[in-house]
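Peer 1: Sharing a structure, written as structure tokens. Questions coming.
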Amino acid sequence: MSVIEIENLSFAYDKDLILEDINLTVDEKDFLAIIGPNGGGKSTLLKLILGMLKPKKGSIRVLGKAASKNPSHIGYVPQNTNVNTDFPIKVIEVVLMGHVGAKNPLFGYGKDEIACAMGALAQVGMQEHSQSKIGSLSGGQRQRVMIARALCAHPKILILDEPTSSIDIKGQKEIYELLKLLNQSITIVVVSHDISVILEYATKAAHINKRLSYHDISNKKEIFHTHNEGEHFCEVELLQMLGSESCNTCDTSTSSVTEVVEPAEAKWRETK
Amino acid sequence: MIEALSFEFIQHALIAGILVSFAAGIIGSLIVVNRMVFLAGGIAHASYGGIGLAVFFGFPIFLGASLFAVGAALLISSLTLRKRHRIDTFIGLIWAVGMAIGVIFIDLTPGYNVDMMSYLFGSILAVSTEDLYFMGTLLAVILFVMTFWYRDILAVSYDSEYAALRGVHVRFFYTLILILAALTVVVSIKVVGLILVIAMLTIPVYIAEKLSHSLFGMMFLSGLIATLFTLVGLWFSYTYNLTSGASIILISAASLGAFLLFYKGK
């Protein structure tokens, strides 16, 4: 069953075309990695799925309904969780924010909401930090709290924008292990730069640079080789494969557009 | 010192000091966490235009200043939406134009000779009973708003993008905070004057932020600290016959310096 269906989607800010003719289907319990160069349109696509932007052309359906504001079945973890760390707010209050906008009790938070928030914290292994100030946590811990906040609304889809951009390697691994665990019941969509790490966990990959090329990588152990057990995949090989049309492992039944993006790809490699 | 408490104007000054300190503590916290300090400064100075108009047309000063400050707040709120990248320029404009309007209208007022310095630097020893009602009502409104919309205001302040995604009307709460800030600035004018208002709205808040684990705690603590500074400042000004507003601010600043030294040393 597909949870997100994007058809012939185009989007432009003013005259600059950001996304062109995007077709993408995300199935239930997929772990989709969205990768691509800066300015390639990754975050824009997320905002379109979340209903924060309206498509210029084409359609987006989330769980069978047109994408709209206040999507109750999507959990969203924004980029840059390291801003506002001086803000005096407890971990539990950040998580409770996941309930904001729902039917509010007259004062403060309901008992059921607090129980739910504690449950979400337990899910990400942060329950003992519930009374800590958010600024006192490490980047990785803070990211877990943001994931807990997104889980608070019992989402069917969890969308994360660069979840590990400011976390050390060990923290990154832990976040992805957590996502892998959550993936047993929730569809996960991650925008990421850390391609070598993300592709170890993702089952599908979409490369976006204005256009989109899609790959089923659930059987990646056969597609890629690591030089040693447990080592990251070689990024150069990955990029060559993901950016090229000639990839013979692509699942053509689910990928609607497979566009060659060679020039931009080469540029991206240069800047890395 | 004790006999001073029997004077009505001293009693009024103390009550006003406490009411305004709590209003400033709560609203100051919101201003600081939402990074609106410059914005509040603009509103404070623009409200001088309202004072000038009130003097010229002969209606109550508080009313004139309130209307003008709220107008400035609404203007800034709508500009923030449309001209986000130049918002600091517009705040600077509103800041200066408001003051200029005030100065011109006071020039135009025939035979007017009341000391305008009292609006710039405060006149807590000249608080009337009506002023106290105004301050009390404002504090009640602030407490009401904070009680009923605490979670929404917290969400908007901490992460407005996420709040918007969850269906919170971010623009409504942003405007609400600005209007309450405008009114708080107006009542603070009585205590420390419009030039010194910013210090009153930020110094206690800065100290409280370091010591608090929640926005609610920060607001309450800011109110307590502001009250302490105001009362000590008043005593200082009474004892040494100095301007009360400036005394309160300097006591606050000295305390902040001491706090930072102590806090760093820990």
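Peer 1: Starting from the 7 Å offset along Cα-to-Cβ, what nm value, one decimal, do you get for the label separation of A:Lys111 and B:Gln11?
Peer 2: Distance between the two pseudo-spin positions: 4.6 nm.
Peer 1: Quick check: with the 1.4 Å probe, what order do A:Lys42, A:Lys156, A:Lys170 take by accessible area, largest first?
Peer 2: Working: A:Lys42 15, A:Lys156 100, A:Lys170 140 Å².
Per-residue accessible area, sorted high to low, gives A:Lys170, A:Lys156, A:Lys42.
Peer 1: So which of A:Lys156/A:Lys204; A:Lys65/A:Lys204; A:Lys15/A:Lys173; A:Lys56/B:Lys83 end up more than 28 Å apart by C-alpha?
Peer 2: Details: A:Lys156/A:Lys204 17 Å; A:Lys65/A:Lys204 23 Å; A:Lys15/A:Lys173 40 Å; A:Lys56/B:Lys83 24 Å.
Distance filter (> 28 Å) returns A:Lys15/A:Lys173.
Peer 1: Considering the options B:Ser214, B:Ala181, B:Trp149, tell which one lies farthest towards the positive end of the dipole of the range B:115-266, charges being +1 on Lys and Arg and -1 on Asp and Glu at the Cβ, about the Cα centre.
Peer 2: It is B:Ser214, whose Cα lies furthest towards the positive end.
Peer 1: Return the long-range amide H neighbours of A:Leu158 (sequence gap of 5 or more, or a different chain), with a cut-off of under 5 Å between placed amide H atoms.
Peer 2: A:Gly75, A:Thr187, A:Ile188, A:Val189
Peer 1: Right, something else. Cα-Cα over 30 Å: which of A:Lys170/A:Lys210; A:Lys180/B:Lys264; A:Lys180/B:Lys210; A:Lys29/A:Lys170? Numbers along the way, then the final one.
Peer 2: Details: A:Lys170/A:Lys210 32 Å; A:Lys180/B:Lys264 42 Å; A:Lys180/B:Lys210 37 Å; A:Lys29/A:Lys170 25 Å.
Flagged as over cut-off: A:Lys170/A:Lys210; A:Lys180/B:Lys264; A:Lys180/B:Lys210.
Peer 1: Nearest 20 debye, what's the magnitude of the dipole of the range B:118-266 about its Cα centre given +1 on Lys and Arg Cβ and -1 on Asp and Glu Cβ? The partial results should precede the final answer.
Peer 2: Details: 7 positive and 6 negative charges, 64 e Å.
In total the dipole reaches around 300 debye.
Peer 1: Work out the mean other chain Cβ neighbour count within 10 Å for the residues of B:155-162 and drop it here as an integer.
Peer 2: Working: counts 8, 1, 3, 9, 11, 0, 6, 11.
Whole-number average of other-chain Cβ neighbours for B:155-162 is 6.
Peer 1: Output ³J(HN,Hα) for the range A:16-29: one whole-Hz value per residue in order, computed from phi by the Karplus curve 6.51 cos²θ - 1.76 cosθ + 1.60 with θ = phi - 60°, and x for Gly and Pro.
Peer 2: So the J values, rounded to whole Hz, are 6, 6, 9, 10, 10, 6, 8, 10, 8, 10, 10, 8, 4, 6.
Peer 1: Between A:His73 and A:Asn8, what is the spin-label point distance in nm, taking each point 7 Å from the Cα along the Cα→C-beta axis?
Peer 2: 2.5
The values are calculated or read from the model by the stated rules, or taken from the named source; none is laboratory data. The shown structure was predicted, so the numbers you read here are calculated from the model rather than taken from an experiment. Every residue, glycine among them, receives a Cβ derived from its backbone with ideal geometry; neighbour counts consider all protein chains shown. These area figures cover heavy atoms from the full protein model, side chains too; ligands, DNA and RNA do not enter into them. Shrake-Rupley method; radii C 1.70, N 1.55, O 1.52, S 1.80 Å.
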